[in-house]
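A short worksheet on the structure shown next.
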Amino acid sequence: MLRKRQVHLDFHTNGTLPVGKKFSKEQFQAALKVGHVDSITVFSKCHHGWSYHPTDVNEIHPELDFDLLGAQLEACKEIGVKAPVYISAGFDEKEYVKRPEWRHIHSLDKEDVDAYNREVHFHLMCFNTGYLDALCAQIEEVMVNYNPCGIFLDIISPRVCYCEKCLADMKEAGLDVNSETDRIAFGDIVFEKYLRRTNEAVRKHSDTATVYHNEGHVPKGDYTYIDANTHLELESLPTGGWGYDHFPLSAAYVRTLKDTEFLGMTGKFHHSWGEFGGFKHPNALIYETSLSIANGAGCSVGDQMHPLGELNMATYGLIGKAYALVEEKEPWINGAVNVADIAVLSAEALTGQRNHKADFGANRMLLEGKYLYNFVDATMDLSAYKLLIVPDVAVIGDETLEKIKAFAAQGGKVIASGEALVKDGCFVLDFGAQFLGKNEYEPTYFVPRFETVNGTTEYVMRCNSYLFKATDGEVLADVQNPYFNRTLEHFCSHAHAPNNPATSAPAVIVKGNVAYIGWDIFSAYAKHGHLCFKELFLHVLEKLIGKEKTVAVNLPDRGVVTLTTQAEENRRILHLLFAHTTVRGEHTEVIEDTVPLYDVACKVKCFAKPTSVALVPGGQALAFDYEDGYVSFVVPEVNMHQMVELK
C-alpha cells in the first residue's frame, strides 16, 4: 500500500554552487518528523545532469564531496521513512551541452532551434539516441548500489523529434517525415522503447521497487504510459496554474483504473516548482491534502532542498500542519473506495485532445451540483453507474456506440449534448426527436420551460448549438436565434444581436431515461461559466436521477462532497469540504482564511439502518433518522474538511 504522507524533494543545482555542506542526518530526520512525513522521494540525478552520489556512469556534482543520496537513504531508513529515488530522464543540461547529437530537436527550422538553444531553461534529450543507454546505466547503478524501494523518472512523454538519428530511423522504417501522422507514430515507437528499456533497468535488479514515469498528466484512454507504472502520481499544484478544479477531474478518472493506487501531488510553494522561499498558507495545504484523501488518493507535497543540504524547518512545519491531520484520518482512508452514481465518458479519451474543455465543464458542474461521479474511457464497464454523460464531442466507433445503446436499453440513464450521440446525421438513441444539424447562428439564446433563479427569460449561449424536431419527447427548453450573426457589415450593439422570438425551436428534450441538450454546454461552461448553463444541466440531471442519487447535501457551490466505502470495516465515510479561494496577483488562486460552515444537512443512501453516525476522527455521535433507505443527519460544523462515519 502506498504511504499517504509523502514529500517529493526537488534538487536541481547548478554546477558552481556549494552542495551538501550543511547536510546533517539529525537535521534531515528532525524535519521529516516535524512534517509527519512517512515517505520522501530523494534524488540521484537532477535536471542539470549531475549525480549526487559516487558514480561510474555519470559525473558527481563538482562541489559535492560525499554520498548525499546514500546519506539521505540511511537517514530515512533509521526512522522508518520510505525513500524512492528520483532520476531526471527528459532533461540533462550537462549532456545537452556536451553531446549535441543526443539533443531532442523540435523543429526543422534551424533559426527556431537556435533560438530554443539560447533560451534560459532546461533542454530536452532524445530517447532515440545514445542518451537512453546512458540513462539506463544510471538507473541500474542506483538499483545495484542502493536497492531503493522505488524509482521516479521525470519529464517524459511521446515527442516528435527531428534529430539526425530520428530522421534516419524514420526513413529506414518507411515513414515520411513530412507526414504528421508518421511523425507522431514514430514518436510513440521511441516512447514505448524508452518505457520498456527503463523498466527493464529496474526489474533486472528488483521485483518489488515501484516505478513511476512522470508526464505531468495522466492521459485518459491511453494506457501506454499508464500501464508502465506501478502507481500514479497526479501532479496538480493549484497555485501553479492548475487551479483547484484540476485534481478532482484527474482523480475521478484514475480511481476507476483497476488495482491502481495513486497520489495527489501538490506543493508547498506559493507558485510552482523551483521556487526558493515560496510558501502557501497552512490552510491551503490542509485543504489540498484533504481533497486528495477525499478523492481516493494519498498525498505528496513538493519541496526543494537548498543546495547546502538543509531541509527548511518552516517548510516542514507547514507540511506537518496538514500531515498531522492526515495521519489522524488514515484509519478511515486506507482501503477506501469512492462511490459514484454517474459516469462521464471523457472527451479527452474520445478525441485524444489533452485537457478538453468538455471534461473541465462537466467536472465543474458536477462538483458544484454535489454529485458523485467518475470519468471513464470507452473501454470501461458502465454497468455500475446509474447515469452516463456524453459531453459535446462525437463518439467515434461502433463498439462504443453499441455499449452506450446497451446501457440505455438496460435502463441506464443517458445525457448527451452537442454532436455526442449523432451518427450519419441521426441520433443514436431515441430522444423523441429528429436531428436536423448544426445551427448556423452563434451565439443563440436559451429559453427555459422551468423556473430558474432569474426566471423564464432568454439567456445568451456563447457556443455551438444544434437543431432538432421534437416527435414524442418532452421539451424542457427552447432555443432562439439572434436576428443575425455579427459581421463587419451587419452588427448590433457592443456584442451580439438580440434574440428573435420568431425563431423559437426546441433545444432540450427528454424521453424516458435519455435526454439531449442541443448546445456544447460543457465546453461553454468551462470557457464562460454562465450560471444558466449549470441551471439547465442540473435541471436535466435532477429530472433523470434526482430520486436515485446516493448523496444530497446543502453545501455552497465551492463545496465538495465525496463518499467512500470500507468494506472490511462495514462503513461508509462522507467527506464534506469547503474552502474560500481568491485570486492573488494576476492568476494565482490561493486559500488563506477558513470560512466554517454550520448545520450542514446531509442525506446518504444506505442499504440498512446504521448502528451509528459519527464525526471522525473526533468520535462525536450525531443524531440521525433512517427512512426509505436514506440516513438524514446534520453536521454541526465543516471547517475545510469533515468526515462522517456511517457504520
Problem - Neighbour cut-off at most 12 other Cβ (10 Å), DSSP loop, trypsin sites (Lys or Arg not before Pro), the stretch 518-555 - result: Lys547
Exercise for the section: Output the Cα-based Rg and Dmax of the stretch 546-595 in Å, rounding Rg to one decimal and Dmax to a whole number. Expected result: 15.6, 48
Fill in the blank from the handout: Candidate cut points under chymotrypsin sites (Phe, Trp or Tyr not before Pro) in the stretch 560-647, DSSP loop plus at most 14 other Cβ atoms within 10 Å of their own Cβ, are Phe607
Problem - Value at 222 nm in deg cm²/dmol, rounded to 500, when DSSP H runs of n ≥ 4 in the chain each add -39,500 (n - 2.57) - result: -8500 deg cm²/dmol
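If I stretch the segment between Glu330 and Glu164 completely, what's the gain in nm (0.36 nm per residue apart, minus their alpha carbon distance), one decimal? Don't skip to the answer; put the middle values down first.
Numbers: separation 166, 0.36 × 166 = 59.76 nm, distance 5.23 nm.
Gain in length upon complete extension: 54.5 nm.
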Handout entry: Distance from the stretch 197-235 to the stretch 97-132 (C-alpha centre basis), Å
Key = 25 Å
Completion exercise
Farthest towards the positive end of the dipole of the stretch 342-545, among Leu388, Ile404, Asn374 and with Cβ unit charges of +1 on Lys and Arg and -1 on Asp and Glu, lies the Cα of Asn374
Practice task
Obtain the nm distance between the two label points defined at Glu180 and Thr379 by a simple spin-label model: each point lies 7 Å from its Cα along the Cα-to-C-beta direction.
Solution key: 2.6 nm
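Let's test the formula: R0 of 56 Å, r as the Cβ-Cβ distance of Tyr630 and Glu74. What FRET efficiency results, to the nearest 0.05?
Numbers: r = 54 Å, r/R0 = 0.97.
It comes to 0.55.
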Exercise for the section: Place a +1 charge on the Cβ of each Lys and Arg in the chain and a -1 charge on the Cβ of each Asp and Glu, then give the dipole magnitude about the Cα centre in debye, rounded to the nearest 20. Expected result: 1220 debye
Completion exercise
Partner lysines whose C-alpha sits under 16 Å from that of Lys165, ignoring same-chain residues fewer than 8 away, are Lys193
Problem - Positive-end residue, the chain charge dipole about Cα centroid, Cβ charges, pick of Ala526, Tyr212, Thr13 - result: Ala526
Handout entry: Calculated FRET value between Thr457 and Phe491, using beta carbons and R₀ = 25 Å, to 0.05
Key = 0.65
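What ranking, highest mean first, results for peptides 389-400, 40-51 when packing means the other Cβ atoms within 10 Å averaged over each residue? Please report the intermediate quantities before stating the final value.
Values: 389-400: 19.5, 40-51: 24.8.
Descending mean neighbour count gives 40-51, 389-400.
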Practice task
Pop a pseudo-label 7 angstrom from the Cα along the beta-carbon direction at both Lys609 and Lys647 and give the gap in nm to one decimal.
Solution key: 1.7 nm
Completion exercise
Rounded to the nearest 5, the percent of antiparallel DSSP beta bridges in the chain equals 60 percent
Practice task
Enumerate the lysines that Lys549 could reach by cross-link, defined here as Cα to Cα under 17 Å, with residues fewer than 8 away along the same chain left out.
Solution key: Lys370, Lys386, Lys413, Lys603, Lys605
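Full-extension gain between Ala409 and Val97, please, as 0.36 nm times their residue separation minus the C-alpha to C-alpha distance. Show your work: numbers first, answer last.
Values: separation 312, 0.36 × 312 = 112.32 nm, distance 6.13 nm.
Residue separation times 0.36 nm, minus the Cα-Cα distance, leaves 106.2 nm.
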Fill in the blank from the handout: For Kirkwood radius over Cα pairs in Å the list reads [x] 27.0; [y] 24.9; [z] 34.7; the calculated value is entry [x]
Handout entry: Estimated distance in nm for a label pair at Thr224 and Asn500, the labels positioned 7 Å out from Cα along Cα-to-Cβ
Key = 4.8 nm
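Given the pairs Lys329/Lys609; Lys171/Lys403; Lys4/Lys25, which are separated by over 30 angstrom at their Cα positions?
Working: Lys329/Lys609 24 Å; Lys171/Lys403 40 Å; Lys4/Lys25 23 Å.
Table pairs above 30 Å Cα-Cα are Lys171/Lys403.
Can you give the FRET efficiency to the nearest 0.05 for Ala314 and Ala115, using r as the Cβ-Cβ distance and R₀ = 30 Å?
Between Ala314 and Ala115 the formula returns 0.15.
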Practice task
Please work out how much length the chain gains when fully extended from Glu548 to Glu568, using 0.36 nm per residue of separation minus the C-alpha to C-alpha distance, in nm with one decimal.
Solution key: 4.7 nm
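How would you order 233-245, 494-506 from highest to lowest mean count of nearby Cβ atoms within 10 Å? If you can, show how the numbers build up before the last one.
Working: 233-245: 21.4, 494-506: 14.7.
Averaged packing, sorted descending, gives the order 233-245, 494-506.
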Fill in the blank from the handout: Answer check: the stretch 342-545, Cα atoms, Kirkwood Rh, Rg/Rh ratio of 0.96
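Which order, highest average first, do 5-15, 250-260, 586-596, 434-444 follow once you tally other Cβ atoms within 10 Å for each residue and take the mean per peptide?
Packing proxy ranking, top to bottom: 5-15, 250-260, 434-444, 586-596.
With helices defined as uninterrupted DSSP H runs, which ones in the chain have an alpha carbon span along their own long axis of at least 15 Å and mean Kyte-Doolittle hydropathy of at least 1.0? Walk me through the numbers before you get to the answer.
Working: long enough: 68-78 (16 Å, 0.25); 130-146 (24 Å, 0.47); 180-203 (34 Å, -0.65); 282-294 (18 Å, 0.62); 313-329 (24 Å, 0.28); 357-369 (18 Å, -0.29); 398-409 (16 Å, -0.21); 531-545 (21 Å, 1.19).
Answer set is 531-545.
Only the coordinates and a few stated rules stand behind these numbers; no lab work does. Small disclaimer: the values here were computed from a predicted structure and weren't measured. Heads up, the Cβs are rebuilt from the backbone with ideal geometry, glycines too, and the neighbour counts pull from every protein chain shown.
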